[in-house]
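Okay, structure first, notes after.
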Amino acid sequence: MPGFVSMRVPQYDPARLGPSPVLRHLRMLLLCVICLGVARAQAMPLLAPPASTDGRWSVLLEKIGDSHPLVAHRPDALLAPASVLKLFSTAYILDRLGADARQCTQLRARGLDQGTLQGPLVFVGGGDPNLSSRRFPYTGNSEHEADSLVVLRELAEQLWQAGVRRVPDGIVAVDGPFPAETGSPPGWTEDDQRFWYGAPIHGLYINDASVLVRVRPAAKPGALATVQITPNPQGFIRNAVRTVGKRQPTEPVRLVTDTTGWRLSGSVRAGSRTLVAGLAQPDPPRFAAITLAEVLRERGIAVSGDIRVRGLSRNRDAGLEESGIPEQASVLTHARLLLAEHWSPPLAEEIQVINKVSQNTHIETLTRLADIAQGRSGTRSSAVAGLETWARERGLLAGQTRFVDASGLSRDDRLSASDLVRLLNWATQQPWWPEYAASLPEAGSDGTLRHRFRTLDAGMLLAKTGTLSDAISLAGILYIKPEQAYVFAILVNDFSLSRAALRGVLDRLVQGWARALALAAQDYPKTVRSAAGPHG
């Protein structure tokens, strides 16, 4: 459809989006569509959630630049937003850090003498969430290089080119620039913390602070399962997953620490399918340093000595004190020789991964960096307080809205549809709106909407999704014409339908809006294809 080019979103001017002759009577037309057209097309009613579904709903649809609701159902009800909360946190970091902001990871030392480092190699984390094989810019899929350690190999090559051949005093991983915290945010479940999407938040980590495991049960109960772990430097992660009988209970497969490294624990049933999962690293900075040591050895650089971690919250790390390594600031002061560095992609590209893939660890990391940039502490509580203060100062929140984290994974977060619509309306007027809009999943094309809304034309719907066990959400922007766009939010909590069934309800609801608005704009045949297909 002309004007709906993928990801080429104009910045809308409220003066250009004023009422047109058609839109003066839009509410009446919507009611007519409900009665005469949408119901026959098997779309959901526009003015309220379907009566056949339970749960608590908060729904709002408005035209950009017009605060009069076209559709409203308990728009101020505060519900768990799930990942649509990332709409706030990504807007916040764009506004505070800028679309061109980057993070830098460094390898430093006190000195270099004929190929031998003086003192330890200092691995300095800069809060880069993309020390991984992920390709940039995002191209519709979260594509990765075949080599999961490509960034570390680039750093190793720089070290080699700088003349480094021996690292005799080990590696110190500096887990900066914000404090690491034990435990997880309130409202994160134990199961969340087992997987990649609930990994602990640090300033230095590789591969999204996760490892990929493939676990195939043995032929007979009692035997160890066959596992493939990527990455697993020097066999640091030991396989302890047992195979149990087909009727026996199983223990969740997870990574745990022990005295000599990490252990992959748990059990799988004999005859079950191969388990493939991304599991959270228990101590990401240490794992990053151990993996770097192996990569350096593979490049031909001899590494000996201990792997140690220095972070703002680890001022009394026993290993560091015994070895005489000073506090973090002193480590960096003495390690003045810069040997290698890696710069992240610009923030505009990083938030595409955050919103399209819904990457929790990345947004938690970058929100802490935004907190540091404003002279605050960078702790979780400070970061979310900064986010909420920023939103309230701009008039984007009302009532008892609550931010507990930056990702929406916490069941204790609370937002309303009105909060989200206010944010989206405001964001369309910001200089970073094109980058922000380009970060949202495009219906039927990429990210978490790749397989949804395929009956809509390309570029017609950009929206962020959210999913928890008892929360489903969708919020974004509908483009009917280049000069006619609408923002909306739908939050649903405490439902009894399956999540897949409820997503279908939301999809039909939004498709009904698209049909009604397109018909009201007298552009129905050109903008909306038949909704009779398998994704309708």
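Listing for the model above:
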| read-out | value |
| --- | --- |
| So residue 159, is it among the hydrophobic types (A, V, I, L, M, F, W, C) and touching a Lys or Arg at 6+ places or on another chain (Cβ under 8 Å) | yes |
| Selection count, segment 427-476, where residues are closer than 26 Å to residue 493 by Cα and of a type in the set (Asp, Glu) | 3 |
| Qualifying position, being crowded, with 22+ Cβ neighbours inside 10 Å, more than 25 Å from residue 304 (Cα to Cα) and of a type in the set (Lys, Arg), among 134, 108 | 134 |
| Residues satisfying the stated conditions in segment 142-175, i.e. in a loop (DSSP other than H, G, I, E, B) and over 20 Å from the mean Cα position of the chain (by Cα) | 146, 147, 149, 162, 163, 164, 165, 168, 169, 170 |
| Qualifying residue in segment 260-267 (condition: part of a strand (DSSP E or B) and aromatic (Phe, Trp, Tyr)) | yes |
| Candidate set from segment 484-523 (those that are part of a loop (DSSP other than H, G, I, E, B) and of a type in the set (A, V, I, L, M, F, W, C)); member that is modelled with the highest pLDDT | 495 |
| Some residue of segment 159-176 being assigned by TED's automatic domain parsing to the domain that holds residue 266, aliphatic (A, V, I, L, M) and either surrounded by fewer than 19 Cβ atoms within 10 Å (Cβ to Cβ) or out of contact with any helix residue (DSSP H, G or I) (no Cβ under 8 Å at 6 or more places or on another chain) (or both) | yes |
| Conditions (1) under 22 Å from residue 127 (Cα atoms); (2) modelled with pLDDT of 95 or more; (3) under 29 Å from the mean Cα position of the chain (by Cα): number failed by residue 263 | (1) |
| Selected residue (criterion: surrounded by the most Cβ atoms within 10 Å (Cβ to Cβ)) from residues of segment 212-234 that are in a loop (DSSP other than H, G, I, E, B) and among the aliphatic types (A, V, I, L, M) | 225 |
| Lone qualifier among 470, 457, 446 - being touching a Phe, Trp or Tyr at 6+ places or on another chain (Cβ under 9 Å), among the charged types (D, E, K, R) and within 19 Å of residue 57 (Cα to Cα) | 470 |
| Every residue from segment 100-141 that is outside any strand (DSSP E or B) and free of Cβ contacts under 8 Å to residues at least 60 places away in the same chain | 114, 115, 135, 139 |
| Among the residues listed as 456, 423, the single one being modelled with pLDDT of 95 or more and assigned by TED's automatic domain parsing to the domain that holds residue 492 | 423 |
| Every residue from segment 89-108 that is of a type in the set (S, T, N, Q) and farther than 27 Å from residue 123 by Cβ | 89, 90 |
| Qualifying residue in segment 112-125 (condition: surrounded by 23 or more Cβ atoms within 10 Å (Cβ to Cβ), modelled with pLDDT under 95, closer than 28 Å to residue 352 by Cβ and not small (Gly, Ala, Ser)) | no |
| Test: residue in segment 428-441 that is touching a residue at least 24 places away in the same chain (Cβ under 8 Å), polar (S, T, N, Q) and under 21 Å from residue 389 (Cβ atoms) | yes |
| Where a residue in segment 509-527 is under 18 Å from residue 491 (Cα atoms) and in the same structural domain as residue 453 (by TED's automatic domain parsing) and its partner, wherever it lies, is in a helix (DSSP H, G or I) and modelled with pLDDT under 85, with Cβ under 6 Å and at least six apart | 512/38 |
| Residues being closer than 17 Å to residue 264 by Cα and in contact with a Phe, Trp or Tyr (Cβ under 9 Å, 6 or more places away or on another chain) - total across segment 199-222 | 5 |
| Number of the condition not met by residue 526 [criteria: (1) among the basic types (Lys, Arg); (2) within 21 Å of residue 420 (Cβ to Cβ); (3) modelled with pLDDT under 85] | (2) |
| Qualifying residue in segment 250-261 (condition: out of contact with any helix residue (DSSP H, G or I) (no Cβ under 7 Å at 6 or more places or on another chain), assigned by TED's automatic domain parsing to the domain that holds residue 148, without any contact (Cβ under 8 Å) to a residue 60 or more places away in the chain and more than 20 Å from residue 193 (Cα to Cα)) | yes |
| Among residues of segment 445-470, those that are part of a strand (DSSP E or B) and not basic (Lys, Arg), counted | 8 |
| Whichever residue in segment 289-301 is of a type in the set (Gly, Ala, Ser) and in contact with a helix residue (DSSP H, G or I) (Cβ under 8 Å, 6 or more places away or on another chain) and, among such residues, is farthest from residue 202 (Cα to Cα) | 300 |
| Check on residue 473, part of a loop (DSSP other than H, G, I, E, B), among the hydroxyl-bearing types (Ser, Thr, Tyr) and either at pLDDT below 95 or farther than 19 Å from residue 68 by Cβ (or both) | no |
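The values are calculated or read from the model by the stated rules, or taken from the named source; none is laboratory data. Please read all numbers here as calculations on a predicted model, not as lab measurements. All Cβ positions, glycine included, derive from the backbone under ideal geometry; neighbour counts span all protein chains shown.
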